[in-house]
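See below for the structure under consideration.
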């Protein structure tokens, strides 16, 4: 499983837990955690799609 998919799954779990939360503060906290997992999922998917592009300085040939 890719990192992004794993993070999305965790976000969905937090959202489900939030729906069953006993207090508004628990619900708010779990939804905040779900938002964080979703942000991490998007960042991981961006990395997976684009990869890291690092340009190294060219060495001069003598």
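Using a cut-off of under 18 Å, list every residue of the stretch 27-46 whose amide N is near the label point 7 Å from the Cα of residue 17 along the Cα-to-beta-carbon line.
It comes to 27-41, nothing else.
Mind checking the full-extension length gain between residue 26 and residue 46? Use 0.36 nm per residue of separation minus the Cα-Cα distance, one decimal, nm.
In short, 4.2 nm is gained.
Bear in mind that the values in this text are calculations on the coordinates, not laboratory data. Here the structure is a predicted model, which means the values were calculated and not measured. Glycine gets a Cβ as well: all are built from the backbone with ideal geometry, and neighbour counts include every protein chain shown.
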